[in-house]
1. At 7 Å along Cα-to-Cβ for each site, give me the label-to-label distance between D6 and L62 in nm.
2. Between A41 and D99, what length comes free when the chain is fully extended (0.36 nm per residue of separation minus the Cα-Cα distance, one decimal in nm)?
3. State, to one decimal in nm, how far the label point of Q70 lies from the label point of K15, with both points 7 Å from Cα in the Cβ direction.
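Each value in this text was obtained by applying a stated rule to the coordinates, not by laboratory testing. Computed from a prediction, not measured in an experiment: that's the story for all the values here. We place every Cβ from the backbone using ideal geometry, glycine too, and count neighbours over all the protein chains shown.
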Amino acid sequence: MKREDDPELWDLLGKADEPALSPFFARNVLRQIRQESSWRASFLRWLRPRRLIPAAGVALALFVTVMSSQLPKHDSASPDDPPDTVASLDPQDYEVVADLDDLLASEDDNVWGENESLSL
């Protein structure tokens, strides 16, 4: 802003007293800086039980909410209803499925037998 823009304002500013600094200005500034808390002090304030317990409760509630939304949803089908894969089998295939179960069971037994022979 130029003096020519508003001469009355500049005249008022010229008549105003300049603020006088206190001789203790530097001391007061340094005292204020020392009184301000550091990051460590503010962090330790959050660890007090008055703030920590409610914050932990909110965090736990959020965790439970997120985890419960991640769980798979189960249909409330009755236990008498077979799964779709079993229901789609033809009656002729039941013997093959039974033989397959026996084969898998014998394979599980062989796996344990192989591990025992290797450890001897």
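1. In this crude spin-label approximation the distance works out to 4.8 nm.
2. Separation in residues times 0.36 nm, less the Cα-Cα distance, equals 13.8 nm.
3. About 7.3 nm, to one decimal.
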